[in-house]
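Asks: Quick one: this structure, given as structure tokens, is what I'll be asking you about.
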Amino acid sequence: MRPQEAMPPVWQIVGYKNSGKTTLVCSLVERFTAKDVRTAVIKHDAHDFDIDHPGTDSYRHRKSGASAIALVSSRRTAVIEERETGLDELIGRFSDYDFILVEGFKQAEYPKLVIVRSLEDHALASQLTSVQAVVSWFAADVVQGRMELQQGSVPVFGVDDIDRIAEWLLRNHGH
């Protein structure tokens with residue numbers, strides 16, 4: 001168990017819709033898991049979502065008015081609450097993990113990898129705070145290796161450089 005004051009590294013993966021955020025997060029989780037780095041993922045969903053469905057007991061509990069439901073088995077726990085939960089609270093719940101990846105929450109102040117799929121997306125990287133690196137869809141010869149942002153120069157990785165991105169995160173920012 002991790003000491004209370006030592007939180008795991010938290011990294012945001014941000015970009016516009018269909019930029020490859022989920023693909024990058026899943027690829028990083030696979031690399032981290034292969035290195036025995038227990039990784040938690042928090043995803044922001046701009047739409048309403050349901051994880052319980054008609055016919056299930058949890059659906060019936062929620063429809064009857066329960067404000068919170070916990071589903072627990074020997075291998076898995078799910079908590080469904082009828083409220084929005086802040087990012088900091090969620091991160092606190094995952095403090096026992098080795099690494100936390102956050103998909104979305106663009107305006108939060110955690111270190112970010114920004115995915116750039118088109119030239120217009122470069123503006124996003126310049127508008128956000130705490131950008132530590134850019135992941136680009138452009139060909140390797142177009143990616144100059146570093147990008148100048150208001151907060152200084154940051155490394156640029158190709159979208160397929162998953163191993164390099166994972167190693168960079170773990171070497172420079174992991175435990």
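Asks: Output the relative contact order of the range 59-125, whole-number percent, from Cα pairs under 8 angstrom with separation of 6+ residues.
Replies: Working: 28 pairs, mean separation 9.6, N = 67.
Once normalised by length, the contact order is 14 percent.
Asks: May I pose another question? If you line up the Cα atoms of the range 83-139 on their principal axes, what length do they span on each, largest first, in Å?
Replies: Computed over the range 83-139, the largest-to-smallest principal extents equal 38, 24, 18 Å.
Asks: Taking +1 at the Cβ of each Lys and Arg and -1 at the Cβ of each Asp and Glu, which of VAL131, THR39, ALA78 sits farthest along the dipole of the chain towards its positive end, judged by Cα position relative to the Cα centre?
Replies: Working it through, the farthest residue towards the positive pole turns out to be ALA78.
Asks: Suppose all protein chains stay in the model; what accessible area per residue would a 1.4 Å probe give for the chain, in Å²?
Replies: On the way: 10730 Å² over 175 residues.
For the chain, the solvent-accessible area averages 61 Å² per residue.
Asks: Let me ask something else about it. Show log10 I(q)/I(0) for the chain at q = 0.19 Å⁻¹, two decimals, from a solvent-free Debye sum over equal Cα scatterers.
Replies: For the chain, the Cα-only Debye profile gives -1.28.
Asks: Ok, one more. What's the angle, to the nearest 10 degrees (0 to 90), between helix 162-173's Cα axis and the longest principal axis of the chain?
Replies: 80
Asks: Rounded to the nearest 5, what % of DSSP beta bridges with both residues in the chain are antiparallel? Kindly include the intermediate steps, with their values, before the conclusion.
Replies: Numbers: 9 of 29 bridges.
Once the DSSP bridges in the chain are tallied, antiparallel ones form about 30 percent.
Asks: For the range 63-103, rounded, prolate or oblate, judged on the Cα gyration tensor with a ≥ b ≥ c (square roots of eigenvalues), a/c < 1.5 rounded, else prolate if a/b > b/c? Each step should come with its number before you reach the end.
Replies: Numbers: a/c = 3.10, a/b = 1.42, b/c = 2.17.
Note, shape of the range 63-103 comes out oblate.
Asks: What residue among ALA70, ALA133, ALA108 has the largest mean-square fluctuation in a Gaussian network model of the chain, using Cα springs under 10 Å?
Replies: ALA70
Asks: Helix 21-34 versus the longest principal axis of the chain: what angle, 0 to 90°, nearest 10, using Cα atoms?
Replies: 80
Asks: Need one value: the accessible area of HIS53 in square angstrom, 1.4 angstrom probe, rounded to the nearest 10.
Replies: HIS53 has an accessible surface of roughly 100 Å² with all protein chains in place.
The values are calculated or read from the model by the stated rules, or taken from the named source; none is laboratory data. Since the structure is predicted, the reported quantities are computational estimates derived from the model, not experimental observations. We place every Cβ from the backbone using ideal geometry, glycine too, and count neighbours over all the protein chains shown. Side chains included, ligands, DNA and RNA excluded: accessible areas come from the protein's heavy atoms. Shrake-Rupley method; radii C 1.70, N 1.55, O 1.52, S 1.80 Å.
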